[in-house]
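S.K.: My structure is below; once you've seen it, I'll send some questions.
Every number in this text was worked out from the coordinates using simple rules, so none of it is lab data. As the structure is a prediction and not an experimental result, all values here were calculated from the model. So basically every Cβ, Gly included, is an ideal-geometry build from the backbone, and we count neighbours across all protein chains shown.
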Amino acid sequence: MATVEDSAKLDEMFALIDAMNVPAGYRAEIIEGEIVLNPQRDVHSMIIRLFTRALEDARGMDYPGILWDVRVDFPGCLNGFAPDVALVREGAKKTEKGLYRYQDLELVAEVVSRSSRRDDFGSKLKTYAVAEVPTYLIADPKTGLVHVFHAPRDGEYTDETTYTFTSKFTLPFPEIVVDTTSWPRD
């Protein structure tokens, strides 16, 4: 099983981020040891909200395991990500640090921006596969495409399906219907 490296160092780095007073409209993550700030745009937040609604429709409005921009430590050296949206399996408990474990994630979704494209399709794609997150969804408002990566094995996703923003589809796991017909484009 993959392990999180340097958990104490991640805690120190996130304490620095908290002290930095990150400007409103930005999200901070640590990707392979680098503090990364990405802007949150209207289109970005609208897609997150619409996708979260699909998860709420499937799991219930009060389901506690629907997260957005919440820190989860992932395998590798200094990977403290704050996925745009993450779905935690039912019954998962937080660690003594108050964080969910990456092993408890059923799904992670990222909405691509100009500044996050390299990480979303690069480091994060690889890290989520190594972590064996069953499904990784990337929504790209610039291209109007949704990429669904599924079935991780040996550090890589073995299945990828691409949909347009004008479609309605069911995720392979968890089996949740996603309707992208009203998702905005950049």
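S.K.: For the stretch 150-186, which residues satisfy the criterion of being under 14 Å from residue 135 (Cα atoms), surrounded by fewer than 12 Cβ atoms within 10 Å (Cβ to Cβ) and not hydrophobic (A, V, I, L, M, F, W, C)?
M.R.: Those that are under 14 Å from residue 135 (Cα atoms), surrounded by fewer than 12 Cβ atoms within 10 Å (Cβ to Cβ) and not hydrophobic (A, V, I, L, M, F, W, C): 153, 158, 170, 175.
S.K.: Collect the residues in the stretch 88-108 that are buried (at least 20 other Cβ atoms within 10 Å of the Cβ) and touching a helix residue (DSSP H, G or I) at 6+ places or on another chain (Cβ under 6 Å), keeping them in residue-number order.
M.R.: 88, 108
S.K.: For the stretch 131-149, how many residues meet the condition of being under 14 Å from the mean Cα position of the chain (by Cα) and surrounded by fewer than 19 Cβ atoms within 10 Å (Cβ to Cβ)? Please lay out each step first, then the result.
M.R.: Our first condition is that a residue be under 14 Å from the mean Cα position of the chain (by Cα); within the stretch 131-149, this holds for 131-140, 146-149.
Still in the list and also surrounded by fewer than 19 Cβ atoms within 10 Å (Cβ to Cβ): 132.
Total satisfying the criteria: 1.
S.K.: While we're looking at this one, here's another question. Of the residues 98, 65, 60, only one is small (Gly, Ala, Ser) and closer than 21 Å to residue 12 by Cβ; which? Working first, answer last.
M.R.: Details: 65 fails: closer than 21 Å to residue 12 by Cβ; 60 fails: closer than 21 Å to residue 12 by Cβ.
Among 98, 65, 60, only 98 is small (Gly, Ala, Ser) and closer than 21 Å to residue 12 by Cβ.
S.K.: Among the residues of the stretch 1-35 satisfying the criterion of being among the β-branched types (Val, Ile, Thr), assigned to a strand (DSSP E or B) and touching a residue at least 40 places away in the same chain (Cβ under 8 Å), which is surrounded by the fewest Cβ atoms within 10 Å (Cβ to Cβ)?
M.R.: Taking the candidates together, the pick is 4.
S.K.: I've got another one for you. Only one of these conditions is not met by residue 124: (1) among the basic types (Lys, Arg); (2) in contact with a Gly (Cβ under 9 Å, 6 or more places away or on another chain); (3) buried (at least 19 other Cβ atoms within 10 Å of the Cβ). Which number is it?
M.R.: Tallying (1) among the basic types (Lys, Arg); (2) in contact with a Gly (Cβ under 9 Å, 6 or more places away or on another chain); (3) buried (at least 19 other Cβ atoms within 10 Å of the Cβ), residue 124 fails exactly one: (2).
S.K.: Right, next: When the stretch 87-109 is examined, which residues are found to be closer than 24 Å to residue 16 by Cα and either among the hydroxyl-bearing types (Ser, Thr, Tyr) or in contact with a Leu (Cβ under 9 Å, 6 or more places away or on another chain) (or both)?
M.R.: Of the residues in the stretch 87-109, the ones closer than 24 Å to residue 16 by Cα are 94-102.
Matches in the stretch 87-109: 95, 100, 102.
S.K.: Looking only at the stretch 88-102, count every residue that is free of Cβ contacts under 8 Å to residues at least 40 places away in the same chain and not in a loop (DSSP other than H, G, I, E, B) and tell me the total.
M.R.: Total satisfying the criteria: 1.
S.K.: Say whether the condition of being in contact with a Lys or Arg (Cβ under 8 Å, 6 or more places away or on another chain) and either in a loop (DSSP other than H, G, I, E, B) or surrounded by 15 or more Cβ atoms within 10 Å (Cβ to Cβ) (or both) is met by at least one residue in the stretch 44-56.
M.R.: Checked against the condition, which is being in contact with a Lys or Arg (Cβ under 8 Å, 6 or more places away or on another chain) and either in a loop (DSSP other than H, G, I, E, B) or surrounded by 15 or more Cβ atoms within 10 Å (Cβ to Cβ) (or both), the stretch 44-56 yields no hits at all.
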